[in-house]
Amino acid sequence: MTTTEHADQPAEAPATTSKPPLVYPKMWLLFGVLICCFTAWGVAADLTTPMVAGFKRIFEMNTFQASLVQLAYFGAYFLLAIPAALINERFGYKAGLLTGVLLAAAGAIAFYPASKIMTYEAFLVALFAIAAGCSILETSANPYVLSLGPEETATRRLNFAQAFNPVGTNIGVLLAATLILPKLDEPVNMANLTPAQEATIRAGQLGAVMGPYLGLGFVLIAIGLVIAINKSPPIVEEFKSGDLEGKSPLRILLSNKRYVFGVVAQFFNVAAQVCTWTYLIQYSQQALHGSLQLGGFLLQISLIVFLISRFIMTWVIGRVRATKVLTVLGTLAVVLCIFAMFSPNVAGVAAVVALSFCLSLMFPTIYGVALQGLGPATKFGAAGLVMAIVGGAIMPLIQGRLLDATSPAISFVVPAVCFAVVTSCAVFDVRAAPHTAGERE
């Protein structure tokens, strides 16, 4: 993993038994700005999640067609991760952060013309642009956070920063649940309307979708301005691209089993997360005969559970090896999915909501563990882990197709399989020797 030391530190510090700091001195302001970035892309991602149900209602599509929202969003993560790594390699992390923030802002503001064009494809293009920016932002921010302190506290530091991502997801779902879904839930008999009346109603529904995204766009521009006017403290990297000595970064990455298993785990972790949160609304409609608004409320509760659990787990992995905790949570998630499949009722809804407790630890832990020991290949390794987010584009399509053919409850076999793969990768790391002294057995 890329490690750094602050420029003010002496080259050889005297031996000390003090606990390593979470963040190097004078790095806290930058760390705070990065936390704002984590929050912002959380808003973007989970403002988008309820849109599968929303666009299904507006454009009268089946679940598979509506789930193309997630394909556009998470597919962009796959396509832009390598360009993001090249930007970071050539121009530095700050350039990557600014590029990502401004591109995401442009995509959010593009919702205004999309709402006037009034086609599904126009919204998919805007969503793709938002996700493209978030892909660059995430590829830059995650390894940058890892570089802001000692390697011993890297995984805990990333867990702490990522703990603010669900703050954003809660804001995103709250905006959707209060400003978008209630307006889409209003009963309208489209069959009795003239084409002009139908166009007016759709324009109103799409206008409700547009508003929160415009607000997000302006917030992202403000974050970009703060990043631009603040001079980054000097970060001296231990490993640079020149240290590759002619070796292919891809060969270095593929020869590292911990990294390879980490990419696989991240693919299925993001897949499980997106599947769970996307289809919680449909599951609650089956189990409780509820509305879109009720589904949005339950999704909000789920994300609050995720938020609280993220902070709790950040504390826990300071005392227990992170992948041991990941093994336990992954196993529990598989059990909860199976229970929800066969109990589509109040208890089943509670089980699906509880999946967020299991999900809380997964992304930052997998990310931090997978990057250990990559040296000069770290930036490209980070891009590979962000590319793995494409799991959130592929598996929801499979679950959507299965849901159309069976039921929301049965479709939860898809996240069950995803969680099983994550658990298997965690078991591999537990059986392997810890890479650093900062990891506990």
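The values are calculated or read from the model by the stated rules, or taken from the named source; none is laboratory data. This one's a predicted model, so the numbers in the text were calculated from it and none came from an experiment. Heads up, the Cβs are rebuilt from the backbone with ideal geometry, glycines too, and the neighbour counts pull from every protein chain shown. Surface areas here come from the heavy atoms of the whole protein model, side chains and all, with no ligands, DNA or RNA. Shrake-Rupley method; radii C 1.70, N 1.55, O 1.52, S 1.80 Å.
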Considering the stretch 280-295 alone, what residues qualify as being part of a helix (DSSP H, G or I), over 16 Å from Phe306 (Cα atoms) and not small (Gly, Ala, Ser)?
Ile281, Gln282, Tyr283, Gln285, Gln286, Leu288, Leu292, Gln293, Leu294
Just to be sure before I move on: is Ser135 assigned to a helix (DSSP H, G or I), open to solvent by less than 10 Å² (accessible area, probe 1.4 Å) and within 16 Å of Ala388 (Cβ to Cβ) in the structure I sent?
yes
Answer yes if at least one residue in the stretch 307-315 is touching a residue at least 24 places away in the same chain (Cβ under 8 Å) and more than 23 Å from the chain's Cα centre (by Cα), and no otherwise.
no
Looking at the stretch 246-269, which of its residues are in contact (Cβ under 8 Å) with a residue 40 or more places away in the chain and either among the β-branched types (Val, Ile, Thr) or touching a Ser or Thr at 6+ places or on another chain (Cβ under 7 Å) (or both)?
Ile252, Val263, Val264
Answer yes or no: is there a residue in the stretch 279-294 that is crowded, with 21+ Cβ neighbours inside 10 Å, under 15 Å from the mean Cα position of the chain (by Cα) and under 19 Å from Ala177 (Cα atoms).
no
Filter the stretch 124-168 for residues that are among the charged types (D, E, K, R) and touching a Gly at 6+ places or on another chain (Cβ under 7 Å) and give the result.
Glu151, Glu152, Arg156, Arg157
Check the stretch 172-183 and report whether any residue there is modelled with pLDDT under 70 and open to solvent by 40 Å² or more (accessible area, probe 1.4 Å).
yes
Can you pull out the residues in the stretch 143-156 that are surrounded by fewer than 24 Cβ atoms within 10 Å (Cβ to Cβ) and assigned to a helix (DSSP H, G or I)?
Glu151, Glu152, Thr153, Arg156
Among the candidates Phe64, Phe78, Phe123, Phe74, residue that is assigned to a helix (DSSP H, G or I), among the aromatic types (Phe, Trp, Tyr) and open to solvent by less than 10 Å² (accessible area, probe 1.4 Å):
Phe123
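Out of Val325, Val270, Val305, Val264, which single residue is at pLDDT 85 or above and crowded, with 20+ Cβ neighbours inside 10 Å? Working first, answer last.
On the way: Val325 fails: crowded, with 20+ Cβ neighbours inside 10 Å; Val305 fails: crowded, with 20+ Cβ neighbours inside 10 Å; Val264 fails: crowded, with 20+ Cβ neighbours inside 10 Å.
Only one candidate qualifies: Val270.
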Search result, residues across the stretch 41-61 that are among the aliphatic types (A, V, I, L, M), in a helix (DSSP H, G or I), at pLDDT below 75 and over 15 Å from Tyr279 (Cα atoms)
Ile58
From the list Tyr259, Tyr279, which one is touching a Leu at 6+ places or on another chain (Cβ under 9 Å), modelled with pLDDT of 90 or more and within 19 Å of Ile410 (Cβ to Cβ)?
Tyr279
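Which one is surrounded by the fewest Cβ atoms within 10 Å (Cβ to Cβ) among residues in the stretch 81-120 that are among the β-branched types (Val, Ile, Thr) and touching a helix residue (DSSP H, G or I) at 6+ places or on another chain (Cβ under 8 Å)?
Ile82
Any chance you could count how many residues in the stretch 158-167 are part of a helix (DSSP H, G or I) and surrounded by fewer than 24 Cβ atoms within 10 Å (Cβ to Cβ)?
Looking only at that region, the number is 2.
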Selection over the stretch 210-252 where residues are at pLDDT 70 or above and assigned to a helix (DSSP H, G or I) yields a count of 24
